[in-house]
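Engineer: Structure in structure tokens, see below.
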Amino acid sequence: MPNAVAIENLTRKFRDFTAVDSISLTVPQGEIFGFLGANGAGKTTAIRMLCGLLLPTSGKGDVNGFDIYKQNDEIKKTIGYMSQKFSLYGDLTAYENLWFYGSVYRMNKSLLKERIAELSDYLGLERFIRERTGPLPLGWRQRLALAAALLHRPKILFLDEPTGGVDPVFRRKFWELLYQLADDGTTLFVTTHYMDEAEYCRRISIMHRGKIIVMGPPAQLVKEYNKPDLQELFIDLIKERDNHAEN
Amino acid sequence: MRKIRQIARKEFRHILRDPRSLIIAILMPVMMTFLYGYAINLDIKNIKLAIKDFDNTSVSRELAGKFYNSGYFIRAEAEPDISDPEDIFRKGEAVAVLVIRNGFGKIMDALKYNPQMALDSDSPFQVGLFLDGADANTAAAAASYSSIIVTEFMKRALPPDFEFPGVRIASQVLYNPDLKSSHFFVPGLIAIILMMISALLTSITIAREKETGTMEQLLTSPVTPRQIIIGKVIPYVFVALLDGVLVLAFGVFHFGVPFSGSVAALFLFGVIYIVAALSIGILISTLVSTQQLAMMGALLATVLPSVMLSGFIFDLKNMPVALQALSHIVPARYFIAIIRGIMLKGADIGTLWLDAGALLCISLILLGLAAKRFKMRIG
């Protein structure tokens, strides 16, 4: 099976600051890949490069087999992106937002109508589908953002801290949805701060100051480093690196 | 096409649902028209005049009446102290003092029989006028109104066949026969308002998408910069045209500004001008990332040059050469020349081609720059 994401020595500098420092990884199709790291480690910058929002300084990268330097337009048709900040239009209703994005992806009207109905049923959006999204509670807005990212059935979904600030019940439900998507063959590229969420991932990587310091299945990593759980592994690794850098 | 239509439709919804942009779009032009139409008035009227009448005859009182009934002067409350005429100026109680000497009435009567006296520069016929030069324009206007009133008054006292010797200027004002400042202001105001509204609203709309993060989402979807720009600009062309029509109707029907040229020509040039203004708005939005900065940037970049360097109020020919040169890149300069030409003089493309060509070039350059500078990537 071809790789959904394949990057090699990908680097992004902002003047003197290297946000992403020569990272390499591959994510096979259909995998849930957890992209972990402390705040400011470079996760968002890396995702933005994969989504075509930022141009890399150097390195190679393919998304769905398309080159991230030259085939941006092709990439955009096959990915879905949900950022850590709610980024749909607050002064439009949920339906208007979905309709707008569906049209941007050139979905035909009857298909779009069907898809919106399907997703609102699947994600439980009916209750507020005709309301403006600005005043809605965060959890509902996140569901809507997920719906917007899924409209065009993307092959890869990039999720940048999708569950930040929402309650545990909703987080559980959200992850159930992600599992279902993965079963249907969608590749999920997820960043998160919650270690329980990281355990849902087939493989994870931990980033620190622009570099990937470990990568592998969560259970295997815990065993390999001889830590009680993923949380301890994460904290100890980051601490160790920080001490190392300061000395 | 469908993407552009959807972006435009979404943008229309933003405009209609955001009270702030509605206020900027509709209320601001109306307020500005009122402000310029009434408050900023270049017509010099109601000059406060005090008259010191030493003669105090029916003739001298008739002259005083001519002044106060002319419509240009009003009666100052205070009595002027002739030993110190400046005092009344310092107190701000009058800006002009007319002094009529004793014997004025007798001289006027004598003129009927001895008209040559009117030409004698030493004659006691003279009346004195003190002027407060602090406001030079008002003083100059008061001097010329006074001289007209006195000359007319004197001529009526002379035999009808008596001719003043020498050259006399017979002037006639064309295009704005009443010399009303609203005729001068309203066409320029349309130019200023179109520029300001278009640049302000487009720069805000793009900055808002950056600020709220919706631009990031939009840029991960398959849209091209051209689709975003065209889709965003279309609604604002309509808003700007609506504003233009609003101010124009207000000017023509309320202030009585004439419209002697072709509506179609004005519409065509208006659209070209709006494209320049919208492009400036997009350029500003590529430089800033918040709505606040966009608003400030748009106002600074449009209002100041459009008011100061366009001939809107201040004549370009009297400016330092450097400022005159700078005025050549201000789109309002050309559009004001065009709109005044069309509205007041009924000018057509034959006389306006130079300004029209310059405007078209500037609009295309700005549009090209805007499309080039608008980035599909963030950072």
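None of the figures in this text is laboratory data; all of them are computed from the coordinates on show. In this text the structure is predicted, and so the values were computed from the model without any measurement. Note that we place each Cβ from the backbone using ideal geometry, even for glycine, and neighbour counts take in every protein chain shown.
Engineer: Under the Karplus relation 6.51 cos²θ - 1.76 cosθ + 1.60, θ = phi - 60°, what is the ordered set of whole-Hz ³J(HN,Hα) values for the stretch B:62-69, x standing for Gly and Pro?
Structural biologist: 5, 4, 4, x, 4, 4, 6, 8
Engineer: Taking B:Lys48 as the anchor, which aspartates and glutamates have their alpha carbon closer than 17 Å to its alpha carbon, excluding any fewer than eight residues away along the same chain?
Structural biologist: Those aspartates and glutamates meeting the cut-off are B:Glu77, B:Glu79, B:Asp81, B:Glu86, B:Asp87, B:Glu93, B:Asp132, B:Asp135.
Engineer: Enter the per residue convex hull volume of chain B, computed from alpha-carbon coordinates, in Å³ rounded to the nearest integer.
Structural biologist: 189 Å³
Engineer: Between helix B:181-212 and chain B, what is the angle of the helix's C-alpha long axis to the longest principal axis, kept within 0 to 90° and rounded to the nearest 10?
Structural biologist: That works out to roughly 30 degrees.
Engineer: Taking the Cα centre of each part, how many Å lie between the stretch B:69-94 and the stretch A:178-193?
Structural biologist: 87 Å
Engineer: Still on this structure, please answer the following. For the stretch A:1-68, compute Rh as the Kirkwood radius over C-alpha pairs and then the Stokes-Einstein diffusion coefficient at 10 °C and 1.306 mPa s; write the answer in µm²/s, rounded to an integer.
Structural biologist: 130 µm²/s
Engineer: Quick check on the exposure proxy: order B:Phe34, A:Phe189 from fewest to most C-beta atoms within 10 angstrom.
Structural biologist: Ascending Cβ contact count within 10 Å gives the list B:Phe34, A:Phe189.
Engineer: Sticking with this one: Using a Gaussian network model of chain B whose springs link C-alpha atoms within less than 10 Å, name the residue from B:Val186, B:Val321, B:Val97 with the highest mean-square fluctuation.
Structural biologist: So, out of B:Val186, B:Val321, B:Val97, the one fluctuating most is B:Val321.
Engineer: Considering chain B as a Gaussian network with a 10 Å cut-off on Cα pairs, which listed residue, B:Tyr113, B:Tyr236, B:Tyr72, attains the greatest mean-square fluctuation?
Structural biologist: Ranking B:Tyr113, B:Tyr236, B:Tyr72 by mean-square fluctuation puts B:Tyr113 first.
Engineer: While we're looking at this one, here's another question. So how much slack lies between A:Arg106 and A:Ile213, counting 0.36 nm per residue of separation and subtracting their Cα-Cα distance, in nm?
Structural biologist: Length difference between fully extended and current span is 34.5 nm.
Engineer: Which ordering of A:Thr163, A:Thr11 is given by a fewest-first count of other beta-carbon atoms within 10 Å?
Structural biologist: Ranked by crowding around the Cβ, least crowded first: A:Thr11, A:Thr163.
Engineer: Sticking with this one: Pull up all non-local amide H partners of B:Ile47: gap of 5 or more, or a different chain, and H-to-H distance under 5 Å with H placed in the peptide plane.
Structural biologist: B:Phe73, B:Ile74
Engineer: Would you list which aspartates and glutamates come within 14 Å of B:Lys112, measuring only between C-alpha atoms, while excluding same-chain residues fewer than 8 positions from it?
Structural biologist: Counting by Cα, and skipping residues close in sequence, B:Lys112 has these aspartates and glutamates nearby: B:Asp161, B:Glu163.
Engineer: Taking one equal scatterer on every alpha-carbon of chain A, how large is log10 of I(q)/I(0) by Debye at q = 0.08, 0.12, 0.13 1/Å?
Structural biologist: With one equal scatterer per Cα and no solvent, log10 I(q)/I(0) is -0.32, -0.71, -0.83.
Engineer: What order do you get for B:Phe89, A:Phe14 when you list them from fewest to most C-beta neighbours inside 10 Å?
Structural biologist: In increasing order of surrounding Cβ atoms, one gets A:Phe14, B:Phe89.
Engineer: Kindly express, to the nearest 10 degrees and within the range 0 to 90, the angle between helix B:291-308's C-alpha long axis and the longest C-alpha principal axis of chain B.
Structural biologist: The angle comes out at about 40 degrees.
Engineer: So, one more: Could you check the spin-label model distance between B:Arg226 and B:Asn318? Points 7 Å from the Cα along Cα→Cβ, value in nm.
Structural biologist: Rounded to a tenth, the inter-label distance reads 4.8 nm.
Engineer: Could you give the nm distance between label points at A:Lys239 and B:Ser83, where each point is 7 Å from its Cα heading toward the beta carbon?
Structural biologist: Modelled inter-label distance: 9.8 nm.
Engineer: Could you work out the relative contact order of chain B, using alpha carbon pairs under 8 angstrom and six or more residues apart, expressed as a whole percent?
Structural biologist: The value is 19 percent.
Engineer: Let me ask something else about it. Report, to the nearest 10°, how far helix B:2-17 tilts away from the longest principal axis of the Cα atoms in chain B, using its own Cα long axis and a range of 0 to 90°.
Structural biologist: Orientation of helix B:2-17: about 50 degrees from the principal axis.
Engineer: With just the Cα atoms defining each centre, how far is the stretch A:221-247 from the stretch B:1-60? Give it in Å.
Structural biologist: Taking the Cα centre of each part, the stretch A:221-247 and the stretch B:1-60 sit 68 Å apart.
Engineer: Looking only at the protein assembly as shown, where both bridge partners belong to it, what percent of the DSSP beta bridges are antiparallel (to the nearest 5)?
Structural biologist: Close to 50 percent.
Engineer: Search the structure for amide H atoms under 5 Å from the amide H of B:Ala347, placed 1.01 Å from N in the peptide plane, and list their residues when 5 or more places away or on another chain.
Structural biologist: Residues meeting the amide H criterion: B:Ile342.
Engineer: Relative to the present Cα-Cα distance, how much length would full extension add between B:Ser58 and B:Arg2 at 0.36 nm per residue of separation?
Structural biologist: 11.9 nm
Engineer: Whole-Hz ³J(HN,Hα) for each residue in the stretch B:100-106, computed from phi via Karplus 6.51 cos²θ - 1.76 cosθ + 1.60 with θ = phi - 60°, x for glycine and proline: what do you get?
Structural biologist: 10, 6, 5, x, 4, x, 5
Engineer: Using a simple charge model, +1 on the beta-carbon of Lys and Arg, -1 on the beta-carbon of Asp and Glu, nothing else, what dipole does the stretch A:63-124 show about its Cα centre, in debye to the nearest 20?
Structural biologist: Around 140 debye, computed over the stretch A:63-124.
Engineer: Residue-wise, which Karplus ³J(HN,Hα) couplings in Hz belong to the stretch B:356-370, taking 6.51 cos²θ - 1.76 cosθ + 1.60, θ = phi - 60°, and x for glycine or proline?
Structural biologist: 5, x, 4, 4, 4, 4, 4, 4, 5, 4, 5, 4, x, 4, 4
Engineer: Kindly provide the helix-only [θ] at 222 nm of chain B, computed as the sum of -39,500 (n - 2.57) over DSSP H runs of four or more divided by all residues, to the nearest 500 deg cm²/dmol?
Structural biologist: -19500 deg cm²/dmol
Engineer: Ignoring everything except DSSP H segments at least 4 long, calculate the 222 nm mean residue ellipticity for chain A; use -39,500 (n - 2.57) per segment, divide by total residues, nearest 500.
Structural biologist: Helices in chain A give a 222 nm mean residue ellipticity of -12000 deg cm²/dmol.
Engineer: With each label point set 7 Å from Cα along the Cα-Cβ vector, what nm distance links A:Asp73 and B:Lys345?
Structural biologist: According to this spin-label approximation, the distance is 4.8 nm.
Engineer: Just report the Cα centroid separation between the stretch A:125-148 and the stretch B:272-301, whole Å.
Structural biologist: 32 Å
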